[in-house]
Amino acid sequence: MEIFHHISSVRKTLGEARMAGKTVGFVPTMGNLHEAHLALVKQAQGMCDLVVVSIFVNRLQFGLNEDWDKYPRTLEADSQKLREMGCNYLFCPEEGEVYPNGMDEQTRVIVPSMANVLCGASRPGHFEGVTTVVTKLFNIVQPDIAVFGVKDYQQLAIIRRMVEDLCIPVNVVAGDIVREPDGLAMSSRNGFITPQERPRANQLNQSLCWVKQQVLSGERDFLKLEAAAKTQIIQAGFKPDYLIVCNSRTLESAASDDCEITVLGAMYTQGARLIDNVSLKLGSAQE
Ligand code: PAF
């Protein structure tokens with residue numbers, strides 16, 4: 001696996017590969033790689049000739065109260081995992097390479113209709129930081145496809161919308177959620193769940209699945225379902241941030257005749273803020 005720290009060198013190598021007719025898959029990450037990231041890399045490998053992974057802990061998407069400096073940096077272990085699975089290229093730039101004019105002066109990309117709801121409501125500026133860095137990474141790597149995990153459903157929906165709105169020639173591919181045996185979605189943040197809380201930490205997933213079943217059984221009072229699911233989370237000893245039945249594409253609250261629905265939730269444990277979601281189709285293509 002070849003490792004690049006500079007935009008010019010990764011561009012040169014990928015430019016030559018494209019000239020030779022190779023297709024390029026891209027998996028952007030912030031490192032601290034676990035099974036779910038590696039599944040995205042595997043998915044990209046199945047779709048393209050060459051795969052590039054980026055590792056960049058993007059300060060622009062961290063809020064003032066969020067610990068950018070404490071985010072785990074495990075570059076050695078990450079590179080080893082990627083090397084073992086046959087990843088072709090790793091791009092891990094320094095901050096000055098990505099933001100040469102500083103972050104305050106950085107041109108921003110915003111998806112206004114979706115950036116300030118759900119996770120964006122409690123993390124102001126987060127999605128602006130994500131869409132800005134992903135645009136830059138897309139321009140650097142110029143991949144044919146880019147794979148993003150469905151666990152970060154709002155991020156995926158926002159990136160899809162950004163690509164559509166800005167005519168970016170990248171096929172955005174969704175990677176399934178990878179779960180622990182009890183249903184907890186795999187995440188770098190799971191390391192912050194206390195051992196006491198861990199046996200109950202799958203409550204978010206259980207409540208989302210309960211809402212899904214209720215909707216599939218015909219219930220259309222979404223507000224009632226959302227309130228009941230939040231009560232379940234509180235009774236399990238956690239603090240819900242949000243739990244909302246949404247239109248899968250727009251992330252607006254679902255209408256009773258919507259056919260593609262995603263139930264998204266976030267809850268606080270003592271040491272972590274966990275997110276998860278489940279999707280369902282109504283009408284002829286029931287799941
Ligand atoms: O999902 C992530 O790890 C990050 O938000 C991303 C897409 C790599 C942008 O920094």
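Annotations
- Whether the stretch 133-287 is rounded, prolate or oblate, judged on the alpha carbon gyration tensor where a/c under 1.5 counts as rounded: oblate
- Taking each residue as 0.36 nm, the span from Ala236 to Asn65 lengthens on full extension beyond its C-alpha to C-alpha distance by 58.9 nm.
- Members of Lys70/Lys230; Lys151/Lys230; Lys151/Lys239 lying beyond 25 Å, as alpha-carbon distances in this model show: Lys70/Lys230
- Computed over the Cα atoms of the chain, the ratio of the radius of gyration to the Kirkwood radius (Rg/Rh) comes to 0.97.
- Note on Ser256, Ser279, Ser248: ascending count of other Cβ atoms within 10 Å places them as Ser256, Ser279, Ser248, the fewest first.
- The loop-placed GluC sites (Glu not before Pro) in the stretch 5-107, going by DSSP, that have at most 10 neighbouring Cβ atoms within 10 Å of their Cβ come out as Glu94, Glu105.
- Taking the C-alpha atoms only, the angle from helix 7-19 to the longest principal axis of the chain is near 90 degrees.
- Our analysis of the stretch 84-176 gives Rg over Rh at 0.97, with the two radii drawn from alpha carbon positions and Rh computed by the Kirkwood formula.
- For the pair Lys281 and Asp176, the difference between a 0.36 nm per residue extended length and the Cα-Cα distance amounts to 36.2 nm.
- Cβ-Cβ distance of Ser256 and Ala121, R₀ of 25 Å, FRET efficiency by 1/(1 + (r/R0)^6): the value works out to about 0.60.
- Given their separation in residues at 0.36 nm each and the Cα-Cα distance between them, Glu76 and Gln213 gain 45.0 nm when the chain is fully extended.
- Cα centroid of the stretch 161-181 to Cα centroid of the stretch 89-157, whole Å: 12 Å
- Cα extents for the stretch 1-142 along the principal axes, largest to smallest and rounded to whole angstrom: 42, 30, 28.
No value in this document is a laboratory result; all are computed from the given coordinates. None of these values were measured; they are calculated from a predicted model. Methodologically, a virtual Cβ is constructed for each residue, glycine included, from the backbone with ideal geometry; neighbour enumeration extends over all protein chains shown.
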